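Following: one structure in structure tokens, then a few remarks.
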Amino acid sequence: MIAPSILSADFARLGAEVDAVAGSGENRADWIHVDVMDAHFVPNLTIGLPVVESLRKSTDVPLDCHLMIDDPDRWAPGYAEAGAHNVTVHVEAAHDPVMVAKDLRAAGARAGLSLKPGTPLDDHLDTLRHYDTLLIMSVEPGFGGQSFIPDVLSKVRTARRLVDTGHLRVLVEIDGGINADTIEQAAEAGVDCFVAGSAVYGTDDPGRAVARLRERARAARQR
């Protein structure tokens, strides 16, 4: 699965940028990744709920909302109620992540849990049993365009093994520094869904970029 991040899109043409990856076949994004930042949990401020509500009305591609915010216990259900398909919160920010997962599901969304690069997976395995998606950050959250941190792939491999053996039932997603080269490393480690920003929106043809990333990931997984 490929989830283009609109953090790298032209915000003045956001509807058109989403349409560029909403075509058909291999060029069609599986999810649209929406980075919500509050300038508190991370040192950047991006978009919020009103933009998500508008995007939901303008596209049929499922929205994957990544909340890099303080107090997601309070704010996350609103994104589910707005129609987001998958809403991800950070384990480092949630006060009661198990309850957040229950609230998100009750509001009609899949529940995602994200871990920063330095956050151990093993400490949160019990919590992850309440979630649908595990988002592993391969950069420090807060800004696009950062370089991929390869050390996180050990975390991906552990998650993949736990999913394959039935100890976890989550989709494994990765976010940060994904491009034509790093997507192969991440795919070989066992990632299911790849968030890509500049590797999609930094090209002349975002739809074709989605297809090329998908081809590379698929080939790597089949090795």
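What the table below lists for this structure:
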{"read-out": "Residue in the stretch 154-170 that is more than 22 Å from His40 (Cβ to Cβ), crowded, with 16+ Cβ neighbours inside 10 Å, of a type in the set (Gly, Ala, Ser) and modelled with pLDDT of 95 or more present", "value": "yes"}
{"read-out": "Filter result for Asp132 (within 15 Å of the chain's Cα centre (by Cα) and charged (D, E, K, R))", "value": "yes"}
{"read-out": "Contacts under 9 angstrom Cβ, first residue in the stretch 79-102 being without any contact (Cβ under 8 Å) to a residue 24 or more places away in the chain, partner outside any helix (DSSP H, G or I), 6 or more apart", "value": "Ala94/Asp71; Ala94/Leu113"}
{"read-out": "Pairs with Cβ under 8 Å, 6+ apart, first in the stretch 118-145 and closer than 24 Å to Pro43 by Cβ and at pLDDT 95 or above, second surrounded by fewer than 19 Cβ atoms within 10 Å (Cβ to Cβ) and acidic (Asp, Glu)", "value": "Thr119/Glu92"}
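The values are calculated or read from the model by the stated rules, or taken from the named source; none is laboratory data. Remember, predicted model here, so these are calculated numbers, not experimental data. Virtual Cβ from ideal backbone geometry, glycine too; neighbours counted across all protein chains shown.
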